[in-house]
Ligand code: UD1
């Protein structure tokens, strides 16, 4: 079976690593082309992930780079169409909800290539986020659906998808987390800032509604710092966030803004932290499995199991809500989470088994 595996942005690399490892472990013969769209291109947003997660060099790089949603989509579609014109695989696999996944899904389907979506069926209901539009578009044209939860499977059935084409396999992001947990690495900053176990806070923010308005962003940072009981806050800033903060470097003493960290370093920090405050989706899954309290600064989530079963609290984007949750944490009243069904490190293996049957 010839597979095109698409990856373009940071969270994709973590997910495809699980599929590639499962292909390597499989006795079946698969041949795949790894296509990097180039949506993320910085060493610390892309290259380091390939090294750390033992992902082979991409066979092709479409070099889409930065741009508006439409510019990125167009450039990826043009690049991938050219590849498909010279060779058509049996199936194209896209993961998650980023622009790269949506652009390649549409391109593959228009060339009559079978399409599989990994992490299909999840929905936030918030159409103001490009990721939600991407999820809906990809699922509307996919042939096969690999889901991370029974709820996602239900969403797809409700949308009229054939049950026989939907496979609840678990979570590829968690496969990678569990596979690499023993390799998590203490980052240099641990020593520099004299971190101690469970004695610091991690913050990540990159969604437009949290970071695009500088006054709101600064208010969020100030509120977290004021209620952190003096613990250091480490903020590995996404390039988009770093650009917005720019020269208005924070004057908050216990806030340490750094460049994005590598996968092994970041998850080392997560695994030893007091709490993670974030607007990412994937991080809420990782903290749930690592049993670390997580506060999500968003109004909706496409991953409700991290709240219903896991360690995550969805508190909205208004900074005023932060103190209540930080106090709850420091008072030792955080809920105890459990690990969602099938988030057991074997999703990639299940996907590969199903592909070989197909
Ligand atoms: C994308 C995903 C988002 C995911 C995030 C993880 C979409 C719609 N969004 O958002 O779901 O959570 O990745 O990181 O696909 N930039 C760099 N270097 C890079 C990459 C980006 O400097 O290597 C800067 C560029 O100025 C770029 C901006 O960051 O314009 C935003 O990047 P983009 O790929 O458009 O979206 P993300 O915000 O990263």
For this session: Name, by its number, the condition in (1) in contact with a helix residue (DSSP H, G or I) (Cβ under 9 Å, 6 or more places away or on another chain); (2) touching a residue at least 12 places away in the same chain (Cβ under 8 Å); (3) within 24 Å of residue 222 (Cα to Cα) that does not hold for residue 325.
Result: (1)
Problem set entry | Count - residues of the stretch 296-321 that are out of contact with any strand residue (DSSP E or B) (no Cβ under 7 Å at 6 or more places or on another chain), farther than 20 Å from residue 131 by Cα and touching a residue at least 12 places away in the same chain (Cβ under 8 Å) | 4
Seminar exercise, completed: Filtering the stretch 191-221 for residues that are in contact (Cβ under 8 Å) with a residue 60 or more places away in the chain and more than 19 Å from residue 283 (Cβ to Cβ) leaves a count of 5
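Looking for whichever is touching a helix residue (DSSP H, G or I) at 6+ places or on another chain (Cβ under 8 Å) and assigned to a loop (DSSP other than H, G, I, E, B) here; the options are 179, 185. Which one fits? Please lay out each step first, then the result.
On the way: 179 fails: assigned to a loop (DSSP other than H, G, I, E, B).
After ruling out the rest, the residue left standing is 185.
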Problem set entry | Pair list, Cβ under 8 Å, 6 or more apart: the stretch 88-110 residue over 20 Å from residue 122 (Cβ atoms), other residue more than 10 Å from the ligand (Cβ to nearest atom) and modelled with pLDDT under 95 | 90/1; 91/1; 91/358
Seminar exercise, completed: The lone condition residue 264 fails out of (1) surrounded by 21 or more Cβ atoms within 10 Å (Cβ to Cβ); (2) within 24 Å of the chain's Cα centre (by Cα); (3) not in a strand (DSSP E or B) is (1)
Problem set entry | Restricting the stretch 23-46 to residues that are assigned to a loop (DSSP other than H, G, I, E, B) and more than 16 Å from the ligand (Cβ to nearest atom), the residue that is farthest from residue 108 (Cα to Cα) | 27
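I'd like the residue in the stretch 101-118 that is within 16 Å of the ligand (Cβ to nearest atom) and touching a strand residue (DSSP E or B) at 6+ places or on another chain (Cβ under 6 Å) and, out of all such residues, is nearest to residue 174 (Cα to Cα).
Residue satisfying both the conditions and the ranking: 118.
The values are calculated or read from the model by the stated rules, or taken from the named source; none is laboratory data. Note that the coordinates shown come from a computational prediction; the quantities given were computed from them, not determined experimentally. All Cβ positions, even for glycine, are placed from backbone atoms using ideal geometry, and neighbour counts span all protein chains on display.
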